[in-house]
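The values are calculated or read from the model by the stated rules, or taken from the named source; none is laboratory data. Predicted, not measured: the structure shown is a model, and the values here were computed from it. Positions of Cβ are backbone-derived with ideal geometry, glycine not excepted, and every protein chain shown enters the neighbour counts.
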């Protein structure tokens with residue numbers, strides 16, 4: 001059977017401003033007003049993930065909080081794009097291949 005979804009060495013990173021408390025949030029706002037760069041944190045949502053789902057198969061995505069379940073679904077549905085790797089999604093009406 002052919003794969004309906006295939007992830008090959010997919011990674012996704014996000015960059016976000018670091019602001020764990022209200023004081024840090026106010027400090028971040030002051031830096032923005034002064035046009036000074038704020039501290040940035042790189043968050044790795046997925047790192048070199050590979051799997052395939054055969055057409056017609058049922059599947060479940062399970063894992064601990066913060067393990068990348070929602071990110072994988074966002075990438076699968078093309079709401080977001082991977083930082084690196086290849087995602088292939090095929091259906092009866094269209095085939096899509098994303099390679100970055």
**Asked** Would you pick out the residues in the range 1-31 that are at pLDDT below 75 and in a strand (DSSP E or B)?
**Response** 17
**Prompt:** Does the range 49-66 contain any residue that is touching a strand residue (DSSP E or B) at 6+ places or on another chain (Cβ under 8 Å), modelled with pLDDT under 95 and farther than 18 Å from residue 3 by Cβ?
**Reply:** no
**Message:** So if I check each of 96, 89, which one is at pLDDT below 85 and in a strand (DSSP E or B)?
**Reply:** 96
